[in-house]
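The values are calculated or read from the model by the stated rules, or taken from the named source; none is laboratory data. Only a predicted model underlies this, so the values are computations on that prediction, with no experimental measurement involved. So basically every Cβ, Gly included, is an ideal-geometry build from the backbone, and we count neighbours across all protein chains shown. Accessible surface areas use protein heavy atoms only, side chains included; no ligands, DNA or RNA. Shrake-Rupley method; radii C 1.70, N 1.55, O 1.52, S 1.80 Å.
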Amino acid sequence: MEQKNQRLCPWWLGYILLNPIRKLVHNPDKILDSHVKSGMNVMDFGCAMGYFSLPLARIVGITGNVYCIDIQDKMLDKLQKRANKAGVGQIIKPRLIGKTYNIGELKNKIDFAMLFAVVHEVPDKETLFTDLFYMLKSGGKILFAEPKGHVSPEEFEKSLQAAKSAGFGVSKDKPMPKGLSALLLK
């Protein structure tokens, strides 16, 4: 996957994304509860500083893994510091696109993946969804959500089409009642 990106979130914005008030709108426990269980291998693609990564690590526990994928070293460094402080550092597996992100090591290994407000930043959506299909286990799921207003419904639909072309089905259940979201199924 290429590193170039036309709409990349600046690293310093990661601090704003960690604001505890955000839980009023995006409560990780409510969002993840029905999808993630202890012992799972999960992926937080576009993890930034770990708003969802740390709750994922708490849920999967010491028998699970959270593969945290980002394009920026600064985001991953801050995530690892936060994870260590929270006591889940051994569960978090940071991967830098272009350096330590290797889809081969994750073939058919991922039970659940998060694509939260990140697909619009990826220049090659087809490759993203093809790679994710390769990494997900049969029966695996992806929670795919984009920020309404920042991403148009038409752009979201184009991304859904790329996911379908890669082999994903789309659940009739909408994972988040507000905004642009879908549950992708392998």
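Summary table below
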{"item": "Counted residues, segment 168-186 - those being polar (S, T, N, Q) and part of a strand (DSSP E or B)", "result": "1"}
{"item": "Test: residue in segment 116-124 that is more than 15 Å from Phe45 (Cα to Cα), more than 15 Å from the chain's Cα centre (by Cα) and in contact (Cβ under 8 Å) with a residue 12 or more places away in the chain", "result": "no"}
{"item": "Output for segment 36-56, where each listed residue is more than 10 Å from the chain's Cα centre (by Cα), open to solvent by 10 Å² or more (accessible area, probe 1.4 Å) and either closer than 19 Å to Asn102 by Cβ or of a type in the set (A, V, I, L, M) (or both)", "result": "Met40, Asn41, Leu54"}
{"item": "Filter result for Pro28 (modelled with pLDDT of 95 or more and open to solvent by less than 50 Å² (accessible area, probe 1.4 Å))", "result": "no"}
{"item": "Pick from segment 104-115, criterion free of Cβ contacts under 8 Å to residues at least 40 places away in the same chain and not basic (Lys, Arg), ranking: least open to solvent (accessible area, probe 1.4 Å)", "result": "Gly104"}
{"item": "Residue within segment 151-167 that is part of a loop (DSSP other than H, G, I, E, B) and more than 16 Å from Lys107 (Cβ to Cβ) present", "result": "yes"}
{"item": "Residues being small (Gly, Ala, Ser), assigned to a helix (DSSP H, G or I) and open to solvent by 40 Å² or more (accessible area, probe 1.4 Å) - total across segment 70-103", "result": "1"}
{"item": "Residues satisfying the stated conditions in segment 106-139, i.e. polar (S, T, N, Q) and farther than 18 Å from Ser165 by Cα", "result": "Asn108"}
{"item": "Leading residue by the ranking (nearest to Phe116 (Cα to Cα)) among those in segment 134-160 that are open to solvent by 10 Å² or more (accessible area, probe 1.4 Å) and touching a helix residue (DSSP H, G or I) at 6+ places or on another chain (Cβ under 9 Å)", "result": "Glu146"}
